[in-house]
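Below is one structure, written out as structure tokens; the observations come after it.
The values are calculated or read from the model by the stated rules, or taken from the named source; none is laboratory data. Note that the structure is a prediction, hence the values are computed from the model and not measured. All Cβ positions, even for glycine, are placed from backbone atoms using ideal geometry, and neighbour counts span all protein chains on display. Accessible surface areas use protein heavy atoms only, side chains included; no ligands, DNA or RNA. Shrake-Rupley method; radii C 1.70, N 1.55, O 1.52, S 1.80 Å.
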Amino acid sequence: MNKGLSADHLLGIKHISKEDIEVIFQTADSFKGVINRPIKKVPALRDVTIANLFFENSTRTKLSFELAEKRLSADIINFSASASSVSKGETLVDTVNNILSMKVDMVVMRHPTPGAAMFLANNVDAKIINAGDGTHEHPTQALLDTYSIRERLGEVAGKKVVIVGDIKHSRVALSNIFALQKLGAEVMVCGPTTLIPKHIAQLGVRVEHNLKKALAWCDVANMLRIQFERQEINYFPSIREYTMQYGLTKHILDDLNKEIVIMHPGPVNRGVEITSEIADSDQAIILDQVENGVAIRMAVIYLLAAKIDRV
Ligand code: CP
């Protein structure tokens, strides 16, 4: 294995260096070999206990972290907000400190509040991994997305990537922008004016409202779902009108005189942001992203565990 991480937690891509991302990728390369063996497990973290705290719904991220931890032989405990004492008025810090007193070393947390992971890292004594904090960041998603681009196209540097859809409410978009830029890609966001934050160009990204022009520019299109659960008002007249302007179809891709890579972080709303025909095509790397998520999360957990004082 290679050198370690300089970061003490994984709170967001904004806070980690390009070198740390490269170390995570190199470590994930080794773990991708492990998870494709008949025996998919290593004894690396037999002495580490990890708590998975999910205060928001999740399928991919929760199962992917859990599997990554099991593949590393860590002990794990799982916690969901609906079944916890948080609903009885206990603070987040008290809840987590109670869990840590059971000799837990690391916390993976998804929380609806932007900044919750950073708050926890500043107030408890454990390694913290942000599994998504509201509309803020989803760092392991961006790592697995950029790792999947590197796998499909050989490298991320110099590639043109458009992120399409509900940029305003998307933690995936923000983390991807930081990761892609750190790795030397050019980034564009595309969607209706109402779903593009006003000042996003200040992050150094291009803004395009026309899907066909965006696709003509890019090498990779990352299609996001509309995050209705975070929208307090309507941002476009109807889903059908959104799909007519921003839904990706075979017809649109056939009109491009090049092949682009199609990504989606999931959950996919088939027939809204992307048709089934495209989602299930060889151009789409959606399930590769999910597979790579386990290797990436194994790498992040393994590298942070190496920084725990285990004597
Ligand atoms: N991509 C993603 O975060 O999916 P889940 O919400 O299912 O974890």
When the stretch 65-78 is examined, which residues are found to be among the hydrophobic types (A, V, I, L, M, F, W, C) and surrounded by 16 or more Cβ atoms within 10 Å (Cβ to Cβ)?
F65, L67, A68, L72, A74, I76
Any residue in the stretch 287-298 that is assigned to a loop (DSSP other than H, G, I, E, B) and more than 14 Å from the ligand (Cβ to nearest atom)?
no
Based on this model, can you work out whether K62 counts as open to solvent by 10 Å² or more (accessible area, probe 1.4 Å), within 16 Å of the ligand (Cβ to nearest atom) and assigned to a helix (DSSP H, G or I)?
yes
Condition first: within 17 Å of A126 (Cα to Cα) and within 16 Å of the ligand (Cβ to nearest atom). Now tell me which residues in the stretch 66-109 satisfy that.
E69, N78, F79, V108, M109
Long-range neighbours under 9 Å by Cβ, at least six apart or interchain, first residue closer than 21 Å to E229 by Cα within the stretch 54-71, second within 8 Å of the ligand (Cβ to nearest atom) and open to solvent by 30 Å² or more (accessible area, probe 1.4 Å)
F54/K62; T59/P267; R60/P267
Give just the number: which of (1) more than 21 Å from P139 (Cα to Cα); (2) out of contact with any Lys or Arg (no Cβ under 7 Å at 6 or more places or on another chain); (3) at pLDDT 95 or above does R60 not satisfy?
(1)
State which residue pairs qualify: first residue under 19 Å from E19 (Cβ atoms) and without any contact (Cβ under 8 Å) to a residue 24 or more places away in the chain and inside the stretch 140-153, second residue among the aliphatic types (A, V, I, L, M) and open to solvent by less than 10 Å² (accessible area, probe 1.4 Å) in any location, beta carbons under 7 Å apart, and separation of 6 or more residues or different chains.
none
From the options I196, I200, I177, residue that is surrounded by 23 or more Cβ atoms within 10 Å (Cβ to Cβ) and either touching a residue at least 60 places away in the same chain (Cβ under 8 Å) or closer than 25 Å to N130 by Cβ (or both):
I177
Contacts under 8 angstrom Cβ, first residue in the stretch 262-274 being under 21 Å from K212 (Cβ atoms) and open to solvent by less than 10 Å² (accessible area, probe 1.4 Å), partner within 13 Å of the ligand (Cβ to nearest atom) and among the basic types (K, R), 6 or more apart
H264/R225; E273/R225
Every pair of residues 6+ apart whose Cβ atoms lie under 9 Å, when the first sits in the stretch 101-122 and is under 21 Å from S58 (Cα atoms) and open to solvent by 10 Å² or more (accessible area, probe 1.4 Å) while the second is at pLDDT below 95 and among the basic types (K, R):
P112/R230
Meets criteria (open to solvent by 20 Å² or more (accessible area, probe 1.4 Å), closer than 19 Å to L10 by Cα and aliphatic (A, V, I, L, M)) for V86
no
Does E277 count as in the same structural domain as G154 (by TED's automatic domain parsing), more than 30 Å from D8 (Cβ to Cβ), open to solvent by 20 Å² or more (accessible area, probe 1.4 Å) and among the acidic types (D, E)?
yes
